[in-house]
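Have a look at the structure below, then the notes.
None of the figures in this text is laboratory data; all of them are computed from the coordinates on show. Computed from a predicted model, the values in this text were never measured in an experiment. Cβ coordinates were reconstructed from backbone atoms using ideal geometry, including for glycine residues, and neighbour counts include every protein chain displayed.
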């Protein structure tokens, strides 16, 4: 029996030595104009697709990161690239060894799905087929140029303002839908027959890059969404009689926890009492205040304005802080109950 146990242990050792460790990365190379498909599941940390051919994935995959270093990778809703946890990198470079054509990198989405972070180190294309929707749940990064093609929708669903380094986003076809949160700070160009759609609830500065709506392109505003007027700059000067900074008849009002109190210290203008003594050098609207200790039997702090220099302030709000240009022949489509309060001069950025 001891001999059998020793033999079994030896065989198990041989099996262990011959069994390869699970690889966390692999490469699939499809050259030239070739096309290939994989219908089984792929469970891998990083999948790299190289060369200019096309690869179709239709299995229920668990791919942590997909690197497209050339050509086309198409996915269906079933494959889903492991949902929002997947990162996609577009990093095409060089030329295809068969066709000698410059490599491009394209992700074709043939089903409605969430995606992870998109990183564009060079130009890359997100193609959303049919009436499908691809939802970006993390900010695209890198310095490359993003192309949105296909008739489907690429939806921005979170704060993507970290995308300032991108060369730009070109909506070549279909729809770029900007939901709550912020759109990429990179410049956005909407080509003829393409659409940039704005959802409700966008805060000021939601679209930080310059937006150009080409002739034949469309800016679509969802029902009940509001696009406010652009920012305007006003200069306020201190009025010692009223104790307010004024721009004409408009006063820059203090917060509600400040209460007017005249005559303290003989300064010749109203002073202010606050219920909040958490700081002795408060700053409100860019104006520095000075507190004075009241010695009249109450342990309460008072403040007077320490500087009466003119003060410029920006009022209003603007979703398109980078400017918006409607070219001649473009279209603005307003949904029911929406409000568009911006000035429009066709052919001029606003």
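For a protection proxy built on the mean count of beta-carbon atoms within 10 angstrom, sort 65-72, 337-344 highest first, please. Mind dumping the intermediate values first?
Details: 65-72: 22.9, 337-344: 12.5.
Top of the packing list down: 65-72, 337-344.
Provide the gained length on full extension for the span residue 36 to residue 131, in nm with one decimal, where the gain is 0.36 nm per separating residue minus the Cα-Cα distance.
31.7 nm
What length, rounded to one decimal in nm, is gained on full extension from residue 93 through to residue 349, with 0.36 nm per residue of separation minus their alpha-carbon distance?
Details: separation 256, 0.36 × 256 = 92.16 nm, distance 3.50 nm.
Extra length from residue 93 to residue 349 when fully extended: 88.7 nm.
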